[in-house]
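K.L.:
If you scroll down you'll find the structure; I have some questions about it.
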Amino acid sequence: MTALSVRDLKVHFPAGKGKVVHAVDGVSFDIPEGTAFGLVGESGSGKTTAALACARLVEATAGEVRLGETDITTLAGDAMRRARRDIQVVFQDPYASLNPRERVGAIVRRPLDLMKVGTPAEREARVDELFATVGLRPDQKALFPHQFSGGQRQRIGIARALATHPKLIVCDEPVSALDVAIQAQILNLLARLKAEMGLSYLFISHDLAVVQHLCDRIAVMYLGQIVETGSRREIFTSPMHPYTMALISAVPSPETGLAGVERIRLQGDPPSPIAPPPGCRFAGRCTFATDHCSKVAPVLTATGGNHAVACHRAQDAEVAAARNALVQGAPSG
Amino acid sequence: MTLVEPSRARTAPPPPKAVSPGRQVWQMFRRNHSAMAGLFILLAIILISLVGPSLYTVNPREMVWMPLTPPGQSEYVLGTDYLGRDLLAGLINGGRVTITIGVFAAVLTVLIGVTVGAMAGFFGGRVDNLLMRVTEFFQVLPNLLFAMVVVMLFGPTLVNISVAIGIVSWTSTARLTRAEFLRIREMDYVKAERSIGAGNARLIWKVILPNAAPPLIVVAALSIGSAILFEAGLSFLGLSDPNAMSWGRMIGDNRPYILDSSWGVTFPGLAIFLTVLAISLVGDGLNDAINPKLRQRQ
């Protein structure tokens with residue numbers, strides 16, 4: 001069963017004077033039930049916008065987002081509200097995602113109240129259960145968000161997301177605002193919940209190390225498009241796209257705290273999403289780019305297994321050599 | 001810090017105590033001496049206005065002594081006005097009307113301002129554009145003149161005067177509310193509410209408004225003061241309810257005799273001054289208590 005199926009999702013924003021920001025430009029992926037799907041990319045790659053569109057917190061310009069059998073991009077009113085039970089969001093900044101004027105117990109109970117789940121007493125019991133599940137004490141229910149630390153707040157955010165027994169949780173960089181020590185706690189909590197409840201995650205991050213810890217499948221986004229997708233093992237042991245290689249080379253090794261191999265440093269910035277280049281969007285920063293790359297856009301092509309890459313030169317010897325050099329020293333999935 | 005005895009330290013910690021945002025504000029406010037002074041003056045004025053008329057029973061409309069008697073020269077300690085009415089009785093009875101108009105006009109100001117600002121800030125786009133043009137229209141009208149026209153057209157009753165003041169003074173509240181809504185509607189907790197199925201009405205009134213409330217409370221408090229001043233201004237120009245005794249009306253009535261009997265305008269003027277000052281102190285205190293960081297930066 002597929003928990004979430006996204007087909008050719010596009011999210012465009014008007015930028016004034018008739019210009020359009022192509023934040024997400026034709027993204028497709030499937031998340032099988034009970035798995036975690038990591039969407040990685042740098043700032044501005046459109047990963048968060050894609051995730052918010054999946055939870056219908058941003059309206060999609062085109063494409064389909066199927067949650068189970070229903071396409072939620074066209075639902076309205078009560079039907080959408082019912083669908084929201086099945087897809088919940090954990091936000092990036094735990095200091096901004098909890099209403100400062102509400103007691104945390106009420107915050108966690110709110111989804112149940114709004115969706116009229118059970119009796120008030122049952123809701124209260126469920127809140128106690130959720131607090132225990134995420135590692136908080138039920139007697140902390142009456143406190144306000146400002147009385148908690150960042151990690152505790154993120155636990156409250158997770159408890160809120162779990163309240164309605166969702167099938168899929170969109171995690172929008174849930175640990176990037178936390179200390180490293182706390183990051184591990186939250187990631188372990190998410191991993192435990194996934195195993196215990198059979199949850200599926202759409203996990204957004206700019207940090208490959210974080211994704212490596214939790215995700216079964218990974219897609220790398222660059223400027224609104226997926227450039228490579230595959231299982232965790234495929235991505236980490238045989239990255240096909242030069243951009244993925246550059247990202248992996250930047251993951252610090254656990255032993256030294258430094259990059260495990262010589263880092264592939266990218267020059268310059270991504271091009272503007274208002275006027276993306278006609279060919280490969282990465283061509284301007286790619287060391288292997290040819291004239292062909294900057295003229296013709298590569299399409300995402302399967303290379304075996306679940307692995308797919310959008311690069312004209314992925315199979316060329318020059319790129320393969322770089323891949324081998326990288327994989328020798330890199331941490332394996 | 002006192003040392004905890006080993007035997008006690010081993011027992012379970014007491015359940016944590018909830019500190020609500022409102023309680024924090026009150027704790028900050030209580031430490032602010034000038035704000036507390038303002039609060040006491042204000043409470044005293046309200047108390048006098050409420051119970052004063054039944055303790056000091058002189059009729060403020062009746063001629064009780066020689067006209068224009070200076071203070072301290074009769075049993076009417078603050079003297080009399082040009083009709084021989086007791087000024088002290090006027091002050092005690094006028095407080096009710098003045099404060100009622102101030103509060104009523106401020107409530108109206110906040111109601112209109114918050115509604116317009118909330119709609120503009122939340123929905124944005126065309127709604128925002130339209131509402132902001134309306135707001136600008138009201139901003140460019142000369143306040144006093146517009147209020148005078150309204151009062152003259154509909155008659156100088158208490159309700160009409162309050163409504164006129166409310167209609168001319170809601171614009172800054174609307175702008176402030178809009179700015180707060182623009183800021184807060186992008187917060188993650190608003191997105192989170194939406195993702196758990198909250199509708200627009202809930203987002204506006206139950207989620208964003210409570211978080212936008214702190215600066216609005218300050219503005220609401222201060223607008224009571226400015227409404228009282230506005231009422232005094234209208235009365236000074238002769239636009240007051242002839243059936244209601246207010247401080248502003250006392251000043252307006254005694255205005256022609258200001259050179260012969262300054263006390264006729266001085267005492268009601270002082271009463272207005274004291275009330276507005278107290279309200280300002282409370283408003284500033286609230287502002288500091290609500291935004292403690294703002295104060296540290298100064």
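K.L.:
Going through region A:284-333 one residue at a time, which ones are small (Gly, Ala, Ser), in contact with a helix residue (DSSP H, G or I) (Cβ under 7 Å, 6 or more places away or on another chain) and touching a residue at least 60 places away in the same chain (Cβ under 8 Å)?
P.N.:
A:GLY305, A:ALA322, A:ALA330, A:SER332, A:GLY333
K.L.:
Among the residues of region B:167-200, which ones are part of a helix (DSSP H, G or I), among the hydrophobic types (A, V, I, L, M, F, W, C) and away from chain A (no Cβ under 12 Å)?
P.N.:
B:ILE167, B:VAL168, B:ALA174, B:LEU176, B:ALA179, B:PHE181, B:LEU182, listed by residue number.
K.L.:
Separate question: Determine which member of the set B:VAL218, B:VAL190 is buried (at least 20 other Cβ atoms within 10 Å of the Cβ) and under 18 Å from the mean Cα position of the chain (by Cα).
P.N.:
So the residue among B:VAL218, B:VAL190 that is buried (at least 20 other Cβ atoms within 10 Å of the Cβ) and under 18 Å from the mean Cα position of the chain (by Cα) is B:VAL218.
K.L.:
Looking only at residues that are part of a helix (DSSP H, G or I) and away from every other protein chain (no Cβ under 14 Å) in region A:129-163, which one is surrounded by the most Cβ atoms within 10 Å (Cβ to Cβ)?
P.N.:
The residue in question is A:ARG155.
K.L.:
Quick check on my filter: what residues within region A:138-176 are among the β-branched types (Val, Ile, Thr) and over 14 Å from A:VAL104 (Cβ atoms)?
P.N.:
Within region A:138-176, A:THR164, A:ILE169, A:VAL170, A:VAL175 meet the criteria.
K.L.:
Going by what's in this entry, would A:LEU187 be described as of a type outside the set (Val, Ile, Thr), away from every other protein chain (no Cβ under 11 Å) and closer than 18 Å to A:ASP216 by Cβ?
P.N.:
yes
K.L.:
Looking at region B:165-172, can you tell me whether even one residue there is within 20 Å of B:ARG249 (Cα to Cα) and in contact (Cβ under 8 Å) with a residue 60 or more places away in the chain?
P.N.:
yes
K.L.:
Let me ask something else about it. In region B:42-156, which helices (runs of 4 or more DSSP H) lie fully inside it and hold 2 or more residues that are loosely packed, with under 15 Cβ neighbours inside 10 Å?
P.N.:
B:125-140, B:143-154
K.L.:
Something else now. Taking region B:92-117, which residues are at pLDDT 90 or above and in contact with a Phe, Trp or Tyr (Cβ under 6 Å, 6 or more places away or on another chain)?
P.N.:
Within region B:92-117, B:THR109, B:ILE112, B:GLY113 qualify.
Per-residue answers, yes or no, for (1) buried (at least 22 other Cβ atoms within 10 Å of the Cβ); (2) outside any loop (DSSP other than H, G, I, E, B); (3) more than 9 Å from chain B (Cβ to nearest Cβ); (4) of a type in the set (A, V, I, L, M, F, W, C):
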{"position": "A:GLY38", "(1), (2), (3), (4)": "yes, yes, yes, no"}
{"position": "A:GLU42", "(1), (2), (3), (4)": "no, no, yes, no"}
{"position": "A:VAL58", "(1), (2), (3), (4)": "no, no, yes, yes"}
{"position": "A:GLU64", "(1), (2), (3), (4)": "no, yes, yes, no"}
{"position": "A:LEU75", "(1), (2), (3), (4)": "no, no, yes, yes"}
{"position": "A:ALA79", "(1), (2), (3), (4)": "no, yes, yes, yes"}
{"position": "A:VAL89", "(1), (2), (3), (4)": "yes, yes, no, yes"}
{"position": "A:LEU98", "(1), (2), (3), (4)": "yes, no, no, yes"}
{"position": "A:ARG101", "(1), (2), (3), (4)": "no, no, no, no"}
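The values are calculated or read from the model by the stated rules, or taken from the named source; none is laboratory data. Worth saying up front: this structure is predicted, and the values here are computed from it rather than measured. Methodologically, a virtual Cβ is constructed for each residue, glycine included, from the backbone with ideal geometry; neighbour enumeration extends over all protein chains shown.
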